[in-house]
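Have a look at the structure below, then the notes.
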Amino acid sequence: MSFAVVLLELALVVTTMLVTAALVLVGPRPLVAALRDFRWRLEFCLLPLLALGVVLLIRWSTVDIVTRLERRVFSQNITPLLFEIDRVILPGDPVAIIQSYQSPELTSFFIFIYIYGYAFLLLFPFLAYFALEEMDQLETLILSFTANYGIGLLFYMLFLAYGPRNFDPVLFEGLMYEAFPRSRELTNSVNQSTNVFPSLHTSLSMTVLFLAWLTRTKYPLWLGLSAFLAISVVVSTMYLGIHWFSDVIAGTLLALLSVYIGHNYTVSGLYEAARGYLTAQYEQGWPDR
């Protein structure tokens, strides 16, 4: 099956999930009202969206550069360290223990969650927060995602790490590619085998969950659904042999940091703070020049 067909299938499934959830959890009236006022809503979030777009563009356009920096400049392969940390946390290794409960039904469930559920989990908050009367929550979401990707890119550049399935195929099974081979082309198009520490699947999913908690009075049902999906995504990364338990812990901490940044700062505020700092440093160094 071609990549285009797999991508079309992903788009159809996720779109169906988004439309259903939007009608049930948000409601037709708020959605219609938001569409009528879409211009000022987009203008309000334009700067955060540009920041997110720049970070994503940098991430996707520098894949080869980051890979070369990982392997030729920094060369800090921390995979054995992650393996040892996991065995210290839980003798027998958390990933191996989770995989010991595998079954065809569980494998199908976690593959669906890892691919389709994850995409839905990340996209639905954009619809939900866009339909609110104020755009503060949407701005927080966008800035939190930006922080996730930006900090994650830095870690991927500094640390070379492989997931359990690539580290020891005998001890850990690559269940996703065995049960769903056509997913390889899809995942390889958006990720690298060394993009392991921290787990961005975990950090972005937990970011959505933490933000769902902050907006629980507006969307109470979304809190329960996002909790189920986020936890399922986290477990799926280990069940499928993609991430270590250490990656999951680091991803959760990254989510907390990203939500803190998104909740307490704005893009313009961060820009002004950085500009003020650089200006102060320049002025302090002026007498020495």
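The values are calculated or read from the model by the stated rules, or taken from the named source; none is laboratory data. Bear in mind that the values here come from a model prediction, so they are computed numbers and not experimental data. Reconstructed Cβ throughout: ideal geometry from the backbone, glycine too, with neighbour counts over all protein chains shown.
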message: Looking at segment 133-159 only, could you name the residues that are touching a residue at least 60 places away in the same chain (Cβ under 8 Å) and surrounded by fewer than 16 Cβ atoms within 10 Å (Cβ to Cβ)?
response: LEU158
query: Which of the residues spanning segment 160-174 are modelled with pLDDT under 85 and surrounded by fewer than 22 Cβ atoms within 10 Å (Cβ to Cβ)?
result: LEU160, ASN166, PHE167, ASP168, PRO169, VAL170, LEU171, GLU173, GLY174
message: I'd like the residue in segment 107-132 that is crowded, with 21+ Cβ neighbours inside 10 Å, among the small types (Gly, Ala, Ser) and more than 16 Å from the chain's Cα centre (by Cα) and, out of all such residues, is farthest from LEU200 (Cα to Cα).
response: ALA131
Matching entry among LEU138, LEU127, LEU122, LEU143 (being part of a helix (DSSP H, G or I) and modelled with pLDDT of 95 or more): LEU122
- prompt: Listed residues GLY27, GLY53; which is modelled with pLDDT of 85 or more, on the phi > 0 side of the Ramachandran plot and out of contact with any His (no Cβ under 9 Å at 6 or more places or on another chain)?
  reply: GLY27
- prompt: Among (1) over 21 Å from LEU229 (Cβ atoms); (2) surrounded by 20 or more Cβ atoms within 10 Å (Cβ to Cβ), where does VAL88 come up short?
  reply: (2)
statement: Flagged in segment 193-238 as under 17 Å from LEU82 (Cβ atoms) and assigned to a helix (DSSP H, G or I), in numbering order, are LEU200, HIS201, THR202, SER203, VAL234, THR237, MET238
message: Looking at PHE44, PHE109 in this structure, which one is at pLDDT 85 or above and not β-branched (Val, Ile, Thr)?
response: PHE109
message: Residues to consider are LEU225, LEU257, LEU229; find the one that is surrounded by fewer than 17 Cβ atoms within 10 Å (Cβ to Cβ), touching a residue at least 12 places away in the same chain (Cβ under 8 Å) and not small (Gly, Ala, Ser).
response: LEU257
